[in-house]
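First up is the structure itself, then whatever we jot down about it.
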Amino acid sequence: MSSLRWTISDTLTLTKRDLLHWRYEPSRIAWTLAFPVMSILLFGYVFGSAIVVPGGEDYREYLMPGLFVMAAAFGITETLFGIAMDTERGITNRLRAMPMSRVAILGGGCVAAMINAVVNFVVMIAMGLVVGWSWHDGIVNALLAVLLLLLLRFSVLWIGIWTGLQIRSIETAGNVSGLLFPFTMISSIFVSPSQMPGWLQTIAEWNPLSSTVGAARELFGNGGPASDSWVAQHAIEMAIVWPLVLTAIFAPLAVRKYQAMSK
Amino acid sequence: MTDGRPAIVAAGLRKRFGEKVALDGLDLEVPAGTVLGLLGPNGAGKTTAVSILTTLLRADGGRAEVAGLDVAAHAPEVRARIGLTGQTDAIDEILSGRQNLELFGRLHHLSPRESKRRAAELLEQFGLTEAGDRQAKGYSGGMKRRLDLAVSFITAPQVLFLDEPTTGQDPRNRMEVWSVVRELVAGGTTVLLTTHYLDEADQLADKISVVDRGRVIAEGTPDALKRRLGASQVDLVLRDDDGVTAAAGILARVSDAEPVVDRSRRSVSAPVHDRVASLTEVLQAVQAAGVAVEDVALRQPTLDDVFLQLTGSRADGGEADPTPDDAEEVAA
Ligand SMILES: Nc1ncnc2c1ncn2[C@@H]1O[C@H](COP(=O)(O)OP(=O)(O)OP(=O)(O)O)[C@@H](O)[C@H]1O
Ligand SMILES: [Mg+2]
């Protein structure tokens, strides 16, 4: 068999491994979903009534695209823990000492993570429909929004692989995941940056997550641009550019880091 | 491996991590079908050596060959011929034993059918058939270790690397692992095994290399290493610290070797050549010096004695200097 076919075959074998994990431990999926679901309840119902949305729309309608992005960002924890666990247990080294495809060792996790992301979005969209959220600009735009969300998830995946290879321990993986919080807060996920003080507004608007949030709101028809700043006005373009740039930076870094394991 | 070439060769292997020198010209040669025990204190460089030989790490200098292939130039071919069981149980604990074996079988490029068949075979061979379909995280330490070994044996490798295969195992599990390893060796596999347990090396190894600070400081058969220490070993247990110091001085005079001092147990031991004559000489000297002795013993040397003798002076805080004399070959 050619080496490309082995790469594909080994990648699928390792993808299957991750899928088996979910079958044995559905709690792992439940956990990645827990946060967005709790956020729907907490922000949509508890704080929701107190938050004023710029265009005057319903807050839950406004919130859902933010929570989709939040889920994409929090997907990084799965990657961090997966890599930390395999490194700590010596599974990564075992794989590296086997005659299998090198690419597949990272590739298996990628495919599984993207499958996980699709399942996640489907569940969240269903949740959104239950609480009264919907898309208003046609199914094509809605699907485009989902594609942009998956593109963001893909770039987050590479950031996760690079970080995971950097930290390599389960304990640190937990700590690093905690840093995600401020990162999601200083964005347009929950409130419009236009309500923040000037300098914070700039940071929040240039947060890559905000671009995807803005693009999703626009494509789903859940609210207009966050402000008239350039980056908010070009949310869809930036929702393509940001993930591509991040992937272009972090994928090579991750591969380099992985190769450096033999240094 | 019928051409009589060694299955493992390391020649002048060097590796440093930043400032820290992990391997400082390590030499090994393991004939095909034999077991080499790599002994050495924590941080001696055992895992580093195994990592280089199993293609996980690149050496900074020197040459390493496994199954007749240079590990740097032919890493993929080497990987197809080796098995590795590292210091941790590298198994997927969420999956069952059978799923682990099938997973790694597939990654070894066995067909789905073949990997299923091999998994069943290995579960049987390693006494895991009954637990085969349960999640591995519910396994006992011994069962996990056996599963780990089974995985490294999926393709019946020519050369098997075992890094501390029984660390943290209870005596019964250790003996189980030993018998599994013996079976594999009987089938013609070459084994390189690192361990802190000298009885383990004594049990399994045809030859032992003692490693300290990245180089081999002694090698030979277990018996030759023990013989090197002399006919017998004198142990003294003293009543107080001053006694320990005094006794160490006396033993140093009677023995050819530096006595091994264990202050926490207030014991001193050293090898001697004439059993009873030496013991009498020691006891007379001790009595003359007025040292209070709690216990005394004359016994066969163990590999622990060899180990402490060769690497022990550092434990006392002194700078051991493994001179070339020290590193002489003990057995042919
Ligand atoms: N990745 C690394 N980065 C930095 N230093 C390292 C690394 N790996 C090993 N070392 C250092 O190299 C030396 C040799 O380590 P090694 O793990 O090979 O020892 P060992 O003989 O296997 O010890 P042990 O019996 O504790 O397993 C040690 O001082 C260790 O701290
Ligand atoms: Mg080690």
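Cross-link reach is defined here as a Cα-Cα straight distance under 13 Å, omitting same-chain residues fewer than 8 places apart; for B:K46 the aspartates and glutamates meeting it are B:D24, B:D27, B:D163, B:E164, B:D212. A probe of 1.4 angstrom, applied to the heavy atoms of all protein chains, finds A:I161 with accessible area near 10 square angstrom. For a straight C-alpha distance cut-off of 16 angstrom, the lysines reachable from B:K226 (same-chain residues fewer than eight places away being disregarded) are B:K207. Counting only heavy atoms of the protein chains and using a 1.4 Å probe, B:D241 has close to 80 Å² of accessible surface. Counting only residues at least eight positions apart within a chain, or on another chain, the lysines with an alpha carbon under 17 Å from that of B:K116 are A:K16. Its alpha carbons considered, chain B gives a radius of gyration followed by a Dmax of 22.6, 77 Å. For chain A, the longest principal axis of the Cα atoms and the long axis of helix A:102-130 meet at an angle of about 30 degrees.
Under a 5 Å amide H cut-off, with hydrogens placed 1.01 Å from N, B:D212 pairs with B:I217 among residues at least 5 apart or on other chains.
Helix A:235-259 and the longest principal axis of the C-alpha atoms of chain A enclose an angle of approximately 20°. Put a dot 7 Å past the Cα of B:D60, heading toward its Cβ, do the same for B:E124, and the two dots end up 5.0 nm apart. For chain B, the fraction of 1.4 Å probe accessible surface lying on carbon and sulfur atoms is 48 percent. The length gained by stretching the chain between B:A186 and B:A156 to full extension, at 0.36 nm per residue less their Cα-Cα distance, is 9.6 nm. Among the protein heavy atoms, those of A:Y45 account for about 110 Å² of accessible surface (1.4 Å probe, every chain in place).
For chain B, the solvent-accessible area with a 1.4 angstrom probe is 44 square angstrom per residue.
Amide hydrogen proximity for B:S232: with H placed 1.01 Å from N in the peptide plane, the residues at 5 or more positions away or on another chain lying under 5 Å are B:V272. Placing A:D58, B:D89 in order of accessible area, with the largest value first and a 1.4 Å probe, yields A:D58, B:D89.
Our summary gives chain A a relative contact order of 25 percent, counting only alpha carbon pairs under 8 angstrom and 6 or more residues apart. A viscosity of 1.306 mPa s and a temperature of 10 °C, combined with the Kirkwood radius over C-alpha pairs in the Stokes-Einstein formula, give the protein assembly as shown a diffusion coefficient of 57 µm²/s. When the accessible areas of A alone and B alone are added and the area of the pair subtracted, with a 1.4 Å probe, the result is around 2700 Å², both sides summed.
Given R0 = 25 Å, the distance between the Cβ atoms of B:A73 and B:D24 translates into a calculated FRET efficiency of 0.60.
The values are calculated or read from the model by the stated rules, or taken from the named source; none is laboratory data. Computed from a predicted structure; not experimentally measured. Here Cβ is always computed from backbone atoms with ideal geometry, including for glycine, and neighbour counts include all displayed protein chains. Surface areas here come from the heavy atoms of the whole protein model, side chains and all, with no ligands, DNA or RNA. Shrake-Rupley method; radii C 1.70, N 1.55, O 1.52, S 1.80 Å.
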